[in-house]
1. On C-alpha positions alone, give me the angle between the axis of helix B:24-34 and the longest principal axis of chain B, in degrees, nearest 10.
2. Roughly how big is the stretch A:92-201's charge dipole about its Cα centre, with Cβ charges of +1 (Lys, Arg) and -1 (Asp, Glu), in debye to the nearest 20?
3. For the stretch B:120-191, which chymotrypsin sites (Phe, Trp or Tyr not before Pro) are both in a DSSP coil and crowded by at most 14 other Cβ atoms within 10 Å?
4. At a Förster radius of 45 Å, what calculated FRET efficiency corresponds to the Cβ-Cβ distance of B:V188 and A:E148, to the nearest 0.05?
5. Any chance you could tell me what percent of the C-alpha pair distances in the stretch A:125-201 go past 20 Å?
6. On average, how much area does the Cα convex hull of the stretch A:1-139 cover when viewed from any direction, in nm²?
7. Can you tell me what the convex hull of the Cα atoms of the stretch B:92-135 projects to on average, as an area in nm²?
8. What is the pair-distance distribution P(r) of the stretch B:21-184, computed from all Cα-Cα distances in 10 Å bins starting at 0, with each bin given as a whole percent?
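Bear in mind these aren't lab numbers, they're just calculated from the coordinates by the rules spelled out. These numbers come from a predicted model, not from an experiment. For neighbour counting, all protein chains shown are included, and Cβ atoms are generated from backbone atoms with ideal geometry for every residue, glycine included.
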Amino acid sequence: MTNTPARNTKVMNRFDLTSRLIAKLKHEEAVVGGIGNTNFDLWAAGHRPQNFYMLGSMGLAFPIALGVALAQPTRRVFALEGDGSLLMQLGSLSTIATLAPRNLTMVVMDNGVYQITGAQPTPAAAVSDIVAIAIGCGLSNSAWAADEEDFERLIDQSMSAAGPSLIGVRIDDKPGVGTTRRDPVQIRERFMHGLGVRQPL
Amino acid sequence: MSQTRADRENKMAAAGEQSSPETWHGIVLQTLKRNEIRLVPYVPDRVLTTLIKNLHADPCFTTFPTAREEEAVGIVSGAWMGGMRGAVLMQTSGFATLANVLASLAMPYQIPLIMFVSERGTLGEFNYGQSLVCRTMRPVLDSLAMEHHTVTRLDEFEFIADRSIKQAITTQAPVALILSPLLTGGKVFDK
């Protein structure tokens, strides 16, 4: 995990935080889960038709969520992404800051490792601060969650913010609790039903 | 050149700068509009300059640059699932960065990803690297059995673009429209 001295943040757990987020959702909010453990824990927290699970395309959780947010500006969109994934697509933070959709909340699950491939450290782990990077990209509403209560407070705050929000959470190196059913067509179709774009046959 | 002819050519040039359906970029803009494609993220290319400028000037479109082409693919994929149609503009070298996202997002999730690729690397290329990158494009498209057309003629372009967009949407499959230098003029050494 990252070790920036300025940060005084608790090491939390991905499944616990994801469950806390899902428990708050009462208005069919969309949730996009990034590759690997991030969407495994989203799946494990209880499938909802408004959940989208990425089975590849590492790094694209935020861009996909941005697309949903632009298409449906009145729906709140959450995107859950790992720190290693985000490193693949840091440029997307600038794109999101420029477009500034007010209905987008991004959560970065930061354990400093590629857990799923054997917990090797990311190149950023010892030196980079992802929230500082986000702020530098123009996402001024970015913050580390100090603990679980602070995470819930930041989620609540993001839902009425005037622009996009990014929440960094330090997490442990535990694997995901569940495993998403790897059926991409059904995942996409169910998501479109959940967003009211299509009706089931 | 007579004054009259110069005037006429200036007017034609001015019309070309806007979105005249007689130009290839005018056809792109009108065809996107007719098919209700309003979201157009892009990574720019010299050849696409006028098209990009005209898309920005037209309030029908939400158009913006992205840092990478695969980011743009992610954005239009999310937008499609949210009920908004999109298309991505890029250059050949940008397409070369897409194999992973095509194979792991657009194809398996059956997303009608519409791509306009300005072709560099052929018919007068001056950068050897560009010509090598260009050779990777069609093998990648063919290896995924993705629909693609290389457009060389203005008189065929509207038909190809309109039909390909409609086919992508109805069959829920990606399509790449490769804009040949024969259509666009391409980029040459002295530009």
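1. That works out to roughly 50 degrees.
2. Details: 9 positive and 12 negative charges, 132 e Å.
Approximately 640 debye in magnitude.
3. Values: sites: B:F126, B:Y128, B:F157, B:F159, B:F189; in loops: B:F126, B:F189.
Listed in order of number, the matching sites are B:F126, B:F189.
4. Values: r = 60 Å, r/R0 = 1.34.
It comes to 0.15.
5. Values: 1691 of 2926 pairs.
Roughly 58 percent, rounded to a whole number.
6. Numbers: hull surface 32.6 nm².
Taking a quarter of the hull surface, the average projection is 8.1 nm².
7. On the way: hull surface 13.3 nm².
Over all viewing directions, the stretch B:92-135 projects a mean Cα-hull area of 3.3 nm².
8. That works out to 11, 44, 38, 7, 0, in percent per bin.
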